[in-house]
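What follows draws every value from the coordinates through simple rules; no lab data is involved. Please read all numbers here as calculations on a predicted model, not as lab measurements. Positions of Cβ are generated from backbone atoms using ideal geometry, with glycine treated the same way; all protein chains shown enter the neighbour counts.
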């Protein structure tokens, strides 16, 4: 479920950013670059979250 929600949120946020910046620059909206960037972003987020430890750090 974590993977699905990561892809969903990255798709929604990147598509929104793509639409707003394209609207400001008067560029027609294109969905395909947003999908590609959102997949890349989701993979990066999942890799970073898998590298971070879940356990608290022990005090010495």
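The figures follow:
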read-out: Listed peptides 49-60, 25-36, 10-21 by packing density, highest first (mean Cβ within 10 Å); value: 10-21, 25-36, 49-60
read-out: Full-stretch length increase - residue 40, residue 4 - with 0.36 nm per residue and alpha-carbon distance subtracted; value: 11.6 nm
read-out: At R0 = 30 Å, FRET efficiency that the Cβ-Cβ distance of residue 12 and residue 57 yields, to 0.05; value: 0.35
read-out: Nearest 10 degrees, 0 to 90: helix 2-24 Cα axis against the chain principal axis; value: 40
read-out: Length-normalised contact order for the chain - Cα pairs under 8 Å, 6+ apart - percent; value: 40
read-out: Cα coordinate range in the chain, projected on the principal axes (Å, largest first); value: 58, 23, 14
read-out: Residue 47-residue 19 FRET efficiency (beta carbon distance; Förster radius 25 Å; 0.05 resolution); value: 0.40
